[in-house]
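K.L.:
Sending over a structure as structure tokens; questions will come in a sec.
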Amino acid sequence: MKRKRDNKTALAHQRLDQPSKTQIASASKFAEGLCLKKLFFVFLVGSVLGSFYEEILHFVQTWYETGVPVWSLRRGVIYGPFNVIYGFGAAAMTFFLVRKPYKWWEIFLYSALLGGVIEYMISWLQEFFTHTRSWDYHDLWLNIDGRTTIPYMLVWGVLGLILVKFFYPLISHLIEAIPV
């Protein structure tokens, strides 16, 4: 009888001093699954890549229109190469489109709609709260109240498809490889 109590006491002390096998297995990956930590990293990477995308797009457009290559910094914040609109879009697309296995055309369609809604909403919120506009698409074909356009929504669809099918699996693996 005393031996059983000693074993229970030893097991209790072992549990307090050392993590169990299940605790070790669950703590072996950082930000496993689709969680807030992983969405934050997707937001950061999307913000940086979105900033570079804007800079390259502006470079090519200026070079095409004027024949002069002009590099400009197109950032959404004061410090760092971040464009938070792209980060927010990447995090939202990841949150809504990674949780369920969609076909490629569904991802494209939902990304286009989600990107257009986010772009419209952010433009509207900026104008409502600050009475300013960072972009105005009134002069572009198929614009929606000058806040977004159908062709830009198609670009959002392509970017969302690339994000969900190629980029997210890679970055998810890299994020989970971060030591706990």
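K.L.:
When segment 51-79 is examined, which residues are found to be surrounded by 15 or more Cβ atoms within 10 Å (Cβ to Cβ) and among the charged types (D, E, K, R)?
P.N.:
Selection gives 54, 55, 74, 75.
K.L.:
When residues of segment 125-159 are filtered for being assigned to a loop (DSSP other than H, G, I, E, B), among the aliphatic types (A, V, I, L, M) and in contact with a helix residue (DSSP H, G or I) (Cβ under 7 Å, 6 or more places away or on another chain), how many remain?
P.N.:
Count: 1.
K.L.:
Considering 162, 85, 118, 107, which residue is assigned to a helix (DSSP H, G or I) and in contact with a Lys or Arg (Cβ under 9 Å, 6 or more places away or on another chain)?
P.N.:
Just a single option satisfies the conditions, and that option is 107.
K.L.:
Looking at segment 38-64, I want the residues that are outside any helix (DSSP H, G or I) and have a partner that is surrounded by 15 or more Cβ atoms within 10 Å (Cβ to Cβ) and modelled with pLDDT of 95 or more with Cβ atoms under 6 Å, at least 6 apart or on another chain. Which pairs are those?
P.N.:
The qualifying pairs do not exist here.
K.L.:
While we're on this one: Sort out which residues of segment 122-139 are surrounded by 10 or more Cβ atoms within 10 Å (Cβ to Cβ), without any contact (Cβ under 8 Å) to a residue 12 or more places away in the chain and hydrophobic (A, V, I, L, M, F, W, C), and write them in order of number.
P.N.:
Across segment 122-139, the qualifying residue is only 125.
The values are calculated or read from the model by the stated rules, or taken from the named source; none is laboratory data. Remember, it's a predicted structure, so these values are computed and weren't measured experimentally. We place every Cβ from the backbone using ideal geometry, glycine too, and count neighbours over all the protein chains shown.
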